[in-house]
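Student: Got a structure for you, questions after.
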Amino acid sequence: MGGAILTSLNGVVGSGIFALPALLFAAAGSFSPIAILVFACLYGTMLAVTAKLSTVFRQSGGAQLYAQHAFGPAVGFQVGWFAVAGSMAGASASLHVMVSYLAAVFPVFDDPVIRLATMTFAAVTFFAICASGTVRAIEAIAMGTILKLTPILILIAVGLTQNGIPTDITLPTFSAFESVALLLAFAFSGCDMAVNAAGEAKNPRKTLMRALFANLAMVAAFYTLVQLVYSASAPDTSQADIPLAAMGTSLLGPTGALMVSVAAIFSTATLGLNLFFLAPRILFGMGRRGLLPHVFAYVSPRFKSPVVAIGFFGAFVAALALSGTFEQLAELLVSVEQLAFLVTIGSLIVMWRRNDAGLRETMGFRWAIIIPVATGYVVWLLLQLDANSVFYTGIMIVVGTALYLASKVGAVQQDGIDLPEGRA
């Protein structure tokens, strides 16, 4: 369960927290900490759907696996393609942000050649750690988590001691709340990532649900505390692009700004490592189930890790990071995740109707509330997206369809989808 919480936590708390406080405060003012908690509850309805499905399956793949089982290989491939493409964009972006913060501390990293060399070295290092086995990858992610959260937690403690908790709350306008929702959709993105590696978890049907909700609670509490301290510390608003650095300067002077920079370096690096660990498991699962060429299902005899899938993912991430073409893809992250959520909700409904693995007997009246709320939340977020996101999402669907047709060459179905016969 600890590994599942770590990977999900690091799928969420990455680079977004270093930009989120100022944007939220500008949109919602003193209401922004409460907005985080409200959004966590809404997000929790969607997470409940994923968590419920995680109690049925024992294999890796997450939303891709659920979609393939409920709707067939074509839809399953699209969901997997969306998830992997989004993770590639996120990992590429994390490399750029990591080097930018390194340059803030050590100006030598501003040199273009050194920047490219550093990003390449980081991608190779992430591949080596993840290819060396699950235990080593989890240990590295745990160490990165400690190093990235400790400075921010110290600032939270100092801020609460110096300024207390702000008590004046002003409700935002509805249009402002819409912008807050999109910001928080990005901030909470990835909260369910642990299900992608369910096949490597001990007893995933029992541990993953608890891990997902424990992670959501910790992330919501962490974001809320950061927002409270930011609101009370009155940082320099001219530094809205680096709000935590401004908060650190307000609380502890240059030492605080340095602490935030160090935290940002480890945070973005750990996010990249986390994506290198989890996203290739989707490719591996698709290879095992005949949706990708069989080479993606190869497992290292020594390290018991899907080295081909990790290597493929790492090569594309390095190429995106070095070329800089990840930016348009990164804009699709929220829309892609919401589409995957809709398919996941549909998967649960289809499986309930078919009573797969005795699922119907385990779902009471509360699901008549959870499913409509989750669906409404996802549709509402999709309606907030601009026309460019819709256009590029359509392009991704076309590309995914072409890749699905091409991927049948060399594909071998090694695994079916394993469902228990008893109650889910």
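Student: Among all residue pairs at least 6 apart or on different chains, which show Cβ distances below 8 Å where the first residue, located in the range 136-160, is closer than 15 Å to L275 by Cα and the second is among the aliphatic types (A, V, I, L, M) and open to solvent by less than 30 Å² (accessible area, probe 1.4 Å)?
Tutor: Here the result reads A137/L273; A140/L273; I141/L273; G144/A269; G144/L273; T145/L9, each pair linking the range 136-160 to a residue that is among the aliphatic types (A, V, I, L, M) and open to solvent by less than 30 Å² (accessible area, probe 1.4 Å).
Student: Ok, one more. If a residue has to be farther than 30 Å from N355 by Cα, touching a helix residue (DSSP H, G or I) at 6+ places or on another chain (Cβ under 6 Å) and not hydroxyl-bearing (S, T, Y) to count, how many in the range 69-89 make the cut?
Tutor: The total comes to 3.
Student: Given the conditions (1) farther than 30 Å from W81 by Cβ; (2) modelled with pLDDT under 85; (3) assigned to a helix (DSSP H, G or I); (4) open to solvent by 30 Å² or more (accessible area, probe 1.4 Å), which single one is not true for D241?
Tutor: Of everything listed in (1) farther than 30 Å from W81 by Cβ; (2) modelled with pLDDT under 85; (3) assigned to a helix (DSSP H, G or I); (4) open to solvent by 30 Å² or more (accessible area, probe 1.4 Å), D241 misses just condition (3).
Student: Of the numbered conditions (1) out of contact with any Ser or Thr (no Cβ under 9 Å at 6 or more places or on another chain); (2) surrounded by fewer than 24 Cβ atoms within 10 Å (Cβ to Cβ); (3) more than 19 Å from F82 (Cβ to Cβ), V307 satisfies every one except a single condition; which is it?
Tutor: Checking V307 against (1) out of contact with any Ser or Thr (no Cβ under 9 Å at 6 or more places or on another chain); (2) surrounded by fewer than 24 Cβ atoms within 10 Å (Cβ to Cβ); (3) more than 19 Å from F82 (Cβ to Cβ), the one that fails is (1).
Student: Determine whether the range 157-166 contains at least one residue that is more than 17 Å from F313 (Cβ to Cβ), open to solvent by 60 Å² or more (accessible area, probe 1.4 Å) and modelled with pLDDT of 80 or more.
Tutor: Yes.
Student: Which one is modelled with the lowest pLDDT, of the residues in the range 310-352 that are open to solvent by 60 Å² or more (accessible area, probe 1.4 Å) and outside any helix (DSSP H, G or I)?
Tutor: Per the stated criteria, the residue is T325.
Student: Working only within the range 66-82, note down all residues that are farther than 16 Å from A406 by Cα and open to solvent by 40 Å² or more (accessible area, probe 1.4 Å).
Tutor: Residues satisfying the conditions are H69, F71.
Student: Mind counting the residues in the range 385-409 that are open to solvent by 50 Å² or more (accessible area, probe 1.4 Å) and either modelled with pLDDT of 75 or more or in a loop (DSSP other than H, G, I, E, B) (or both)?
Tutor: Total meeting the criteria: 15.
Student: When the residues of the range 125-141 are filtered to those that are surrounded by fewer than 15 Cβ atoms within 10 Å (Cβ to Cβ) and within 21 Å of the chain's Cα centre (by Cα), which remaining residue is farthest from P254 (Cα to Cα)?
Tutor: Within the range 125-141, the match that is farthest from P254 (Cα to Cα) is V135.
Student: Here's something else I'd like to know. Right, V378: out of contact with any Leu (no Cβ under 6 Å at 6 or more places or on another chain), aliphatic (A, V, I, L, M), modelled with pLDDT of 75 or more and part of a helix (DSSP H, G or I) or not?
Tutor: Judged against the criteria, V378 is not a match.
Student: Go through (1) over 22 Å from the mean Cα position of the chain (by Cα); (2) closer than 16 Å to T134 by Cα and name the single condition L292 misses.
Tutor: (2)
Student: A further question on this structure: Of these, I146, I152, I114, which one is open to solvent by 60 Å² or more (accessible area, probe 1.4 Å) and within 30 Å of A245 (Cα to Cα)?
Tutor: So the residue among I146, I152, I114 that is open to solvent by 60 Å² or more (accessible area, probe 1.4 Å) and within 30 Å of A245 (Cα to Cα) is I146.
Student: Continuing with the same structure: Between residues in the range 353-368 that are over 13 Å from H69 (Cα atoms) and open to solvent by less than 20 Å² (accessible area, probe 1.4 Å) and residues that are outside any helix (DSSP H, G or I) and β-branched (V, I, T), which pairs lie under 8 Å by C-beta distance while being six or more apart or on different chains?
Tutor: Once the first residue is over 13 Å from H69 (Cα atoms) and open to solvent by less than 20 Å² (accessible area, probe 1.4 Å) and sits in the range 353-368, its partners that are outside any helix (DSSP H, G or I) and β-branched (V, I, T) give L359/V56.
Student: Now for a different question. Being closer than 19 Å to A279 by Cβ and polar (S, T, N, Q) is the filter; apply it to the range 45-65 and report the residue that is surrounded by the most Cβ atoms within 10 Å (Cβ to Cβ).
Tutor: This residue is Q64.
Student: Residue by residue through the range 28-43, note down the ones that are out of contact with any Phe, Trp or Tyr (no Cβ under 8 Å at 6 or more places or on another chain) and surrounded by 20 or more Cβ atoms within 10 Å (Cβ to Cβ).
Tutor: Correct list: F31, P33.
The values are calculated or read from the model by the stated rules, or taken from the named source; none is laboratory data. Quantities reported herein were computed from a predicted structural model and do not represent experimental measurements. Don't worry about glycine lacking a Cβ; one is built from the backbone with ideal geometry, like all the others, and counts go over all protein chains shown. The area values use the complete protein model at the heavy-atom level, side chains included, leaving out ligands, DNA and RNA. Shrake-Rupley method; radii C 1.70, N 1.55, O 1.52, S 1.80 Å.
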